[in-house]
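To keep things clear, I will list the structure first and then write my remarks on it.
The values are calculated or read from the model by the stated rules, or taken from the named source; none is laboratory data. Here the structure is a predicted model, which is why all the values come from computation and not from measurement. Reconstructed Cβ throughout: ideal geometry from the backbone, glycine too, with neighbour counts over all protein chains shown. SASA here: full protein model, heavy atoms, side chains in, ligands and nucleic acids out. Shrake-Rupley method; radii C 1.70, N 1.55, O 1.52, S 1.80 Å.
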Amino acid sequence: MHPAEWDSYSGIDQSPEGDETVPKTLAEKVYDAHVVRRTDGEPDLLYIDLHLVHEVTSPQAFDGLRAAGRTVRRPELTMATEDHNVPTLDILAPIADPVSRAQVEALRKNAAEFGIRLAPMGDRDQGIVHVIGPQLGLTQPGMTIVCGDSHTSTHGAFGALAFGIGTSEVEHVLATQTLPQYRPKQMSVTVDGELAPGVSAKDIILAVIAQIGTNGAAGHVIEYRGSAIEALSMEARMTICNMSIEAGAKAGLIAPDRTTSDFLQGRPHAPQDADWDAAVEYWSTLRTDDGAVFDAEIVLDASSLTPFVTWGTNPGQGLPISERVPDPAQIADEGERRTAEQALAYMGLTPGTPLTDIEVDTVFLGSCTNGRIEDLRVAADLLRGKHIDPSTRMLVVPGSVGVKSQAEAEGLDKVFVEAGAEWRGAGCSMCLGMNPDQLKPGERSASTSNRNFQGRQGKGGRTHLVSPSVAAATALTGRLTAPADLIGA
Amino acid sequence: MDAFTTHTGTAAPLRRSAVDTDQIIPAEYLKRITRTGFEDGLFVAWRTNEPNFVLNQPEYADASILVAGPDFGTGSSREHAVWALLDGGFRVVISSRFADIFKNNSTKSGLLTVVMTQAEVEKLWAAIETDPTMQVTVDLQAKEVTYSLGGGQSATVPFEADDYTRWRLLEGLDDVGLTERHLDDIEAFEARRRAWLPTALPVR
């Protein structure tokens, strides 16, 4: 399509919210460009450009299609993979757990029956659904992307409007390639300044969530902006957008720029030749207009940030690692006090304990939050030539087969193994313990994943969310440790 | 899905904030490929580990209305959380604030989420704890929650519900069927999508 036709393409001119003279946020632009139908008193019908599917939240949706005699409207806009249940050892053997195996087999049967591309275990494109989309170049700026998984917000790093949905909505998208939606509210999180060495994207997002709370962005799409965000790599931007849901946001996104197009160029599903030029020109329009209004605005100074860790049982219960376990008695609000008391009781922590005194049994490096190549490089750099604490176990689980191959080509696997860590196959793994990778009751982890909910990593398991560099530093000492504190150690 | 018009039953006070969907139903129960039979996973860790957990108390065993602290249903998008609540006998959850995906999922399966201020939730908690047999009526037609305060007094709390979702719930309508009425709009949109947008078809 010729660039001159794009304006008429946008499909937004027939609506008041599509008025070209009204400044819009990036998220509003992407949203409005996908409105199939808008009528007073009804939700908008939004077109979905890419539907990612995994084994856990899809079987009942396919059953629903079958029961109603429906087909998948656009199988070629749908991509499936196996990630939540997959073992990270003996990955080519049949899954030992019969219930997990049945679920994976159901996905294989459904993908075959409905004509959907599947990257199964053993396939070079297999991996966590939010790692493979960007890796294949399927995730592109300006798209609408959904998946039956709350961490779909990851794809917003490319300037896509990407959000998690439930199984009924999975069925709806399979059947119609659309979703009924209400235009979300807009929140900006502006992070200016420079991050100190050893401070990363994970620390930014944990600090944001600690500030606004575990559901503080409910009903909003967050746009992350500012010089500190612009300076981040795509991997780091994905880490931030990934955890938007941990603040309750509908989605999180970042305006595409040169970093974005450099990441995408040459990937298997990225546009090529003349299409590439057209795409890049379109992507350059995907910015929040001057004068666009946000319903809420948060501002953070990157230079003031230090490594963050969580002490409680939701991702909003985090503090700089130099702090101490908080004292619930100091919390005025009764509900929050009770929540903090319950969290500390579950976590087995005493108020006033320095966070760096907390000893961990297991370090988990992986997940859709921090299982990409850059995350592995950062951790490997700290571990190279050293050995982890003898009483600590460290699991390194690449986010995809592609990440695993890349890491092995760079020799990172050897660094991890020589340091005493376990090098595993790709998948969601201990982020949620649907496979055999779980904490035992009472075990404590430092985890680069996204949720420290009770029992998330295994019944009775206790999780501290950390960045990849804090994970590596913690593995070396056996207690929560900032990378800066390793110097001279 | 089943239509929801009005529901009367007893209520259980869940005095916890930020109840995430991992607590409503842990991941190990998500391996099933059915849409029913999730009641055994409902709040299973709290039921197992905490003898005094509200749903372990016999007076709340038959409750069909759950009254929770703020930020109910955070975290994972698992619709199994809604199915588990329905399978566990609940038709309504009341909270001062819900997580978006949970709230959205609930409207697809006929579980009603009612938003009240935390002050109203506190009053309702107190009334339930005074008399766990108290009948609470949630009327979606009138958009009101009514419960007895004792001594012949009753309280009525209005709540908001957007007209479209309310209509769908009252009629028990299937979203897919409603959208299929607009296939021509979908086709028209598809005709003007950019040709270079990616497909997932193998390219190598």
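Of the residues making up segment A:440-451, those that are buried (at least 24 other Cβ atoms within 10 Å of the Cβ) and either free of Cβ contacts under 8 Å to residues at least 60 places away in the same chain or more than 10 Å from chain B (Cβ to nearest Cβ) (or both) are A:Ser445, A:Ala446, A:Ser447, A:Thr448, A:Ser449.
With the checklist (1) part of a helix (DSSP H, G or I); (2) within 9 Å of chain B (Cβ to nearest Cβ) in hand, flag the one item A:Arg73 doesn't pass. Failing condition for A:Arg73: (1). Taken together, A:Ser168, A:Ser100, A:Ser153 contain a single residue that is within 12 Å of another protein chain (Cβ to nearest Cβ), part of a helix (DSSP H, G or I), within 18 Å of the chain's Cα centre (by Cα) and touching a residue at least 40 places away in the same chain (Cβ under 8 Å), which is A:Ser153.
Can you name the residue in segment B:181-204 that is open to solvent by 70 Å² or more (accessible area, probe 1.4 Å) and at the interface with chain A (Cβ under 7 Å from one of its Cβ atoms) and is also nearest to A:Pro141 (Cα to Cα) among such residues? Taking the candidates together, the pick is B:Ala195. Among the residues making up segment A:32-56, those that are β-branched (Val, Ile, Thr), open to solvent by less than 10 Å² (accessible area, probe 1.4 Å) and more than 7 Å from chain B (Cβ to nearest Cβ) are A:Ile48, A:Val53. Exactly one residue out of B:Val121, B:Val157 is more than 9 Å from chain A (Cβ to nearest Cβ), within 25 Å of B:Ala81 (Cβ to Cβ) and not in a strand (DSSP E or B): that is B:Val121. So how many residues does segment B:49-75 have that are within 14 Å of another protein chain (Cβ to nearest Cβ) and either open to solvent by 10 Å² or more (accessible area, probe 1.4 Å) or in contact (Cβ under 8 Å) with a residue 12 or more places away in the chain (or both)? Number of matching residues: 13. If you go through segment A:457-481 and keep only what is part of a loop (DSSP other than H, G, I, E, B) and open to solvent by 10 Å² or more (accessible area, probe 1.4 Å), you end up with A:Lys459, A:Gly460.
Working only within segment A:172-189, note down all residues that are of a type outside the set (Lys, Arg) and part of a strand (DSSP E or B). Correct list: A:Thr178, A:Leu179, A:Pro180, A:Gln181, A:Gln186, A:Met187, A:Ser188, A:Val189. Here A:Ser303 clears all of (1) surrounded by 15 or more Cβ atoms within 10 Å (Cβ to Cβ); (2) part of a helix (DSSP H, G or I) except the condition numbered (1).
Among residues of segment A:57-70 being facing another protein chain (nearest Cβ under 10 Å) and charged (D, E, K, R), the one that is least open to solvent (accessible area, probe 1.4 Å) is A:Arg70.
Does segment A:80-96 contain any residue that is over 17 Å from A:Ile128 (Cα atoms), facing another protein chain (nearest Cβ under 9 Å) and open to solvent by 10 Å² or more (accessible area, probe 1.4 Å)? Scanning segment A:80-96 turns up no residue that is over 17 Å from A:Ile128 (Cα atoms), facing another protein chain (nearest Cβ under 9 Å) and open to solvent by 10 Å² or more (accessible area, probe 1.4 Å). Restricting A:Ser367, A:Ser391 to those that are in contact (Cβ under 8 Å) with a residue 60 or more places away in the chain, within 14 Å of another protein chain (Cβ to nearest Cβ), under 24 Å from A:Lys459 (Cα atoms) and of a type in the set (S, T, N, Q) reduces the list to A:Ser367.
Every condition in (1) buried (at least 21 other Cβ atoms within 10 Å of the Cβ); (2) touching a residue at least 12 places away in the same chain (Cβ under 8 Å) is met by B:Ser96 except one, and the failing one is (1).
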